[in-house]
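This report refers to the structure that appears directly beneath it.
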Amino acid sequence: MIRIATCLTVLILTVTGCKPASANSTTTSTAHIADATQTAVDWAKVEAAMGRKSVIQSGDVHRFSMPRSDLHVTADGVELKPAFALGSWVAFKAVPTGAIAMGDLVLRDTEVAAVISKLEESGIEVTAVHHHLLRESPRIIYMHVHGHGDAEKIATGLRAALALTGTPPPVSTASAPGAGMPDIDTAGIAKAIGATGRMNGGVYQVSIPRTEIVHDDGMEIPASMGLATALNFQPTGNGRAAITGDFVLIASEVNPVIRSLRKNGIEVTSLHNHLLTDEPRLFFMHFWANDDALKLARALREALDLRSVTP
């Protein structure tokens, strides 16, 4: 089994989540090691095992993105962009015992059983299986995964699991289609939320980390490994936007945020865990609405203010 339950002292920087593209850099063949106590991971070999390049994020996290551009999914008449709600990803972090890897795989319901079997063969744990949206067609399932051990072995297992799905091969940046100018007021959204986001694949994305340190299996987990509140805005015309994402909450915050979102016309679509041994215990709440973008941004800010820790 790749996962090792042991208490470790690891120096990891607490980071913000989704940063502008200019703040990230593509990995090179040279191992990037943040701390002398960490295992020297050859990230070029990990990329070769995954069959795609990673992006280095703050805290020496190496993130792989696998958008499900093969899927054509609609929800309430809105066709969802891959960057909005259809992006598989996995993030790796070097630790003294090798690496930890956490991610979220976007799957058709018909792909779930085979993927779980392949992950189990590779010693990779499944920590959550759930939906994010309601009334979407076709039905989409999200599977959270956790690996701990040899980074190249974990990457090989993940690639084998992805091969059982319709996940497309990576597309080079040069050949990827441009998204054009956004037709929503992104500056107004940023002002209303109190945090600046970025355009990615035609979607305005805002990422807001919690401020407390989160541990899992005794290891400190950076926010860039999926522990930041994600707010996604996909323009739907005339200043409107569909919104989705997930609030990252502790138990006492869950129902106040539910009440706030619903009061403002935002539907709560899912509530679940992503990790198994996280401390503090975190809950991930997904939401949906399609309305005036600035109105929704103000409503999201109101819900954000109900958390016990704020940016």
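The values are calculated or read from the model by the stated rules, or taken from the named source; none is laboratory data. This one's a predicted model, so the numbers in the text were calculated from it and none came from an experiment. Cβ sites come from the backbone with ideal geometry, for glycine too, and all protein chains shown count toward neighbours.
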(request) Scan region 256-302 for residues that are aromatic (Phe, Trp, Tyr) and touching a residue at least 60 places away in the same chain (Cβ under 8 Å) and jot them down. (result) Trp288
(message) If I filter region 202-239 down to residues being assigned to a loop (DSSP other than H, G, I, E, B) and on the phi > 0 side of the Ramachandran plot, which single residue comes out as nearest to the chain's Cα centre (by Cα)?
(response) Gly226
(request) Look at Leu80 and say whether it is more than 30 Å from Ile266 (Cβ to Cβ) and of a type in the set (A, V, I, L, M). (result) no
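A quick yes/no check of all residues on (1) in contact (Cβ under 8 Å) with a residue 40 or more places away in the chain; (2) within 25 Å of Asp278 (Cα to Cα); (3) buried (at least 22 other Cβ atoms within 10 Å of the Cβ); (4) touching a Leu at 6+ places or on another chain (Cβ under 8 Å):
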site	(1), (2), (3), (4)
Arg135	yes, no, no, no
Arg139	no, no, no, no
Lys153	yes, yes, no, no
Ala160	yes, no, no, no
(message) Criterion first (surrounded by fewer than 17 Cβ atoms within 10 Å (Cβ to Cβ), hydrophobic (A, V, I, L, M, F, W, C) and closer than 26 Å to Trp89 by Cα) does Ile250 satisfy it?
(response) yes
(message) When you check Leu231 against the structure, is it closer than 21 Å to Ala83 by Cβ, assigned by TED's automatic domain parsing to the domain that holds Met143 and at pLDDT 95 or above, yes or no?
(response) no
(request) Determine whether Leu261 is crowded, with 20+ Cβ neighbours inside 10 Å, aliphatic (A, V, I, L, M), modelled with pLDDT of 95 or more and over 23 Å from Ser65 (Cβ atoms). (result) yes
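Here is a yes/no grid of residues against (1) basic (Lys, Arg); (2) modelled with pLDDT under 95; (3) part of a helix (DSSP H, G or I):
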| residue | (1), (2), (3) |
| --- | --- |
| Thr244 | no, no, no |
| His286 | no, no, no |
| Lys295 | yes, no, yes |
| Ala303 | no, no, yes |
| Pro311 | no, yes, no |
(message) So in region 49-106, with the set limited to residues that are in contact with a strand residue (DSSP E or B) (Cβ under 6 Å, 6 or more places away or on another chain), of a type in the set (Ser, Thr, Tyr) and touching a residue at least 60 places away in the same chain (Cβ under 8 Å), which one is surrounded by the fewest Cβ atoms within 10 Å (Cβ to Cβ)?
(response) Thr74
(request) Under 7 Å between Cβ atoms, at least 6 apart or on separate chains: pull out the pairs that start in region 229-249 with a residue that is closer than 10 Å to Tyr204 by Cα and end on any residue that is of a type in the set (Asp, Glu). (result) Pro235/Asp183
